[in-house]
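The block underneath contains the structure these notes are about, expressed in structure tokens.
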Amino acid sequence: MIKSIIVEDDPKYSTKLIQLLKKQKEPIQILSVVHNVKDALVAISEFKPELVFLDIELGTETGFDLLKKTDEINFDVIFTTAHIDKNIKDIRMVGLSYLPKPIILSELEEAIMKFRNKQNGRERVVTLKANLEAVEIGNKVIWINDNSGNYFPV
């Protein structure tokens, strides 16, 4: 069973995601549903999820703010978003999954399968966090292909 939390500021989308997760072959335990970065930090610390379904836009903050504020990344992320923008490129570049809203069952199943099958998913979240921090302080990030379809900043 995959231990997860949902970070979503719109109750309509969190309810729909819960319904779709209940349809998964392998049970996904939803430990908490939170609506903002502050509560998400507490939930991650308390529940120690393996997987976080993370909305990119969270009111005045973002899912990226959550990653930057998380001291230790011990979880993988599947991003959810109603706003397809430049951030999706960053997410794809490090090999993380995202689900456009409204979430479609087949896309959710694909993202969960990717989570189950991939190695070092947490490291990819750490890589994204490092990239976000580098950009924030004005550093230029260069991505390197490791010849297996994965890109990493140097």
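Only the coordinates and a few stated rules stand behind these numbers; no lab work does. For clarity, every value in this text was computed on a predicted model and none was experimentally measured. We place every Cβ from the backbone using ideal geometry, glycine too, and count neighbours over all the protein chains shown.
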In nanometres, what is the gap between the two model label sites at residue 41 and residue 61, each 7 Å from Cα along Cα-to-Cβ? 0.6 nm
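Give, in nm to one decimal, the length gained when the segment between residue 116 and residue 24 is fully stretched (0.36 nm per residue of separation minus the Cα-Cα distance).
31.9 nm
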Take the Cα of residue 71, step 7 Å along the line toward its Cβ, and report every residue of region 18-55 whose backbone nitrogen sits under 19 Å from that point. 37-50
